Amino acid sequence: MDIDFECTMCGKCCHDLRLPLTVAEALAWLGRGNEVQILCEALPWPEEPAADNLQAAHKRRRSFAAMSGSLPTRIVVILTGAFAGPCPNLQADMRCGIYEERPLVCRIYPAEINPFIQLEPAAKGCPPEAWTPGLAPLMRGGQLVDATTVELIQQSRAADARDAVAKQRLCALLGVDVAALANEGFVVHTPKREALLAALERVGAQADGLGVAQGVEAVAAESESGALPSWRFVSNRRATVNTLESVGALSAWVDADRPEAFEYLGFFPAAAA
């Protein structure tokens, strides 16, 4: 598949988002007075997958180990810059007000960071003219050809691995321990800004000196220490709750009429049966 692309500055990719951020980017985002939320998903992990399972390896690198009842689990935490309407950094002329310091995900767009997701122009917000053949080459034969984008994607994946242990410690500091089942949704935690900033500054200082390999080793060391954190699954589908409970997990039904300390973003309609 060959894809050409050039930004039209339509601004569609800068509206109504939860923008994934690294730990360092989240600190900068908060420092500008903006809101950061914590999205959590959990993956049942009863045993280690085969070494040649590349998708499992990708998930493992960007997650940390936990227990949910008697079920071994891995937790993926995503820090997001959250905003309704235009990005707080978007100027009236559709230019980015922090262009030189914009997050990695903004620099990489419209390419995909996840190596197992294929770039589909129809799934992006960019208008058709942004994809006109003859513009700057983005992909050839299904492979990215823009060297800068390739390097930025590697940086993003490295940050995911490096930040995993910091995110584990961040959740512990904030008392965040509820997640949605992966592929069913996310649980969104919105701590008070002052508490989140203080916790991020604390774990960010610990993460700053870690290289990628050291970050992965730190996650492994925490996992092997025996003091795994306890997490709870939640779902808006009763069958999911029942299945998780049947394998020993801590799981609870999300009732839309019952106030919770978090927001549940489900990918599927609620199902009580």
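The values are calculated or read from the model by the stated rules, or taken from the named source; none is laboratory data. Computed from a prediction, not measured in an experiment: that's the story for all the values here. All Cβ positions, even for glycine, are placed from backbone atoms using ideal geometry, and neighbour counts span all protein chains on display.
Every condition in (1) under 30 Å from residue 205 (Cα atoms); (2) exposed (fewer than 13 other Cβ atoms within 10 Å of the Cβ) is met by residue 142 except one, and the failing one is (1).
Taking each residue of the stretch 155-175 that is under 15 Å from residue 104 (Cα atoms) and looking for partners that are of a type in the set (Lys, Arg) and part of a helix (DSSP H, G or I) with beta-carbon atoms closer than 6 Å, six or more apart or interchain, yields 161/61. Residue-level check: of (1) modelled with pLDDT of 95 or more; (2) in contact with a Cys (Cβ under 7 Å, 6 or more places away or on another chain); (3) not in a strand (DSSP E or B), residue 187 misses just (3).
Across the stretch 89-123, the number of residues qualifying as surrounded by 15 or more Cβ atoms within 10 Å (Cβ to Cβ) and touching a Lys or Arg at 6+ places or on another chain (Cβ under 9 Å) comes to 6.
Could you check the stretch 9-18 and list, in sequence order, the residues that are among the charged types (D, E, K, R) and either in a helix (DSSP H, G or I) or without any contact (Cβ under 8 Å) to a residue 40 or more places away in the chain (or both)? Walk me through it before giving the result.
Filtering the stretch 9-18 for residues among the charged types (D, E, K, R) gives 12, 16, 18.
Answer for the stretch 9-18, where residues must be among the charged types (D, E, K, R) and either in a helix (DSSP H, G or I) or without any contact (Cβ under 8 Å) to a residue 40 or more places away in the chain (or both): just 12.
Applying the selection to the stretch 94-134, what residues are small (Gly, Ala, Ser), over 18 Å from residue 20 (Cβ atoms) and in a loop (DSSP other than H, G, I, E, B)? If the condition is that a residue be small (Gly, Ala, Ser), over 18 Å from residue 20 (Cβ atoms) and in a loop (DSSP other than H, G, I, E, B), then 97, 134 are the ones that fit.
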